[in-house]
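Undergrad: Have a look at this one.
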Amino acid sequence: MDLGIKGKKAIVCASSKGLGKACASSLVQEGVDVIINSRNEIDLKEIQTELSLLKAGKVDYVVADLNSEQGRDNLISSCPEADILINNNGGPPPGNFLEMEKDQWLEALESNLLSAIMLIKSLLPGMQERKFGRIINITSAMVKSPH
């Protein structure tokens, strides 16, 4: 399938497994140069090697915790002119809705909402200037169906 995005640049957050990895793989197959991200460098090296075998888009990685400002800054500085941003991050742990404390809610908001907003704010002006940009936000299943 040709999505017309060959040669574009993408950042795919939390992309060492699951949906993030699948998104990164699909983009690389379309000829997109992709920055993958995780907190685990060993996983990232393995995924980079795997995706590079697709011989389409280039694959690089950034080890960063997206829940920290420094982590987000490191990721953005690796590809400040990203055309595509896939926001993805680990969700809150399973738990009883009525038993969750305020600090647990704040942590969930930071990882699943505020980190995405900060990344979007960093990249959106460039996307607007280039008149091209795609942003996809993926969140946790726990947001939809808490226990």
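Readers should treat all values here as calculations from the given coordinates under stated rules, not as data from a laboratory. Computed from a predicted model, the values in this text were never measured in an experiment. Here the Cβ is made from the backbone with ideal geometry for all residues, glycine too, and neighbour counts use every protein chain on show.
Undergrad: Could you list log10 I(q)/I(0) for region 9-144 at q = 0.09, 0.13, 0.18 Å⁻¹, which the Debye formula gives when each Cα is one point scatterer?
TA: -0.26, -0.53, -0.96
Undergrad: Run down the lysines and flag those whose C-alpha is under 27 Å from the C-alpha of residue 17, throwing out any fewer than 8 positions away in its chain.
TA: Counting by Cα, and skipping residues close in sequence, residue 17 has these lysines nearby: 6, 8, 9, 45, 55, 58, 121, 144.
Undergrad: Need one number: nm distance between label points at residue 39 and residue 124, each 7 Å from Cα along Cα→Cβ, rounded to one decimal.
TA: 2.7 nm
Undergrad: Can you give the net charge of the other residues whose Cβ lies under 13 Å from the Cβ of residue 3, counting K and R as +1 and D and E as -1?
TA: Once positives and negatives cancel, what remains is 0.
Undergrad: For n ≥ 4 DSSP H runs only, could you compute -39500 (n - 2.57) per run for the chain, divide by its residues and tell me the 222 nm figure to the nearest 500?
TA: After summing the helix terms and dividing by residue count, I get -12500 deg cm²/dmol.
Undergrad: Under a 10 Å cutoff between Cα atoms, tell me which one of 56, 24, 82 has the largest fluctuation in the Gaussian network model of the chain.
TA: Looking only at 56, 24, 82, the largest GNM fluctuation is found for 56.
Undergrad: If r is the Cβ-Cβ distance from residue 67 to residue 19 and R0 is 22 Å, what FRET efficiency results, to the nearest 0.05?
TA: 0.75
Undergrad: Between residue 100 and residue 54, what is 0.36 nm times their sequence separation minus the Cα-Cα distance? Round to one decimal in nm.
TA: That works out to 12.2 nm of additional length.
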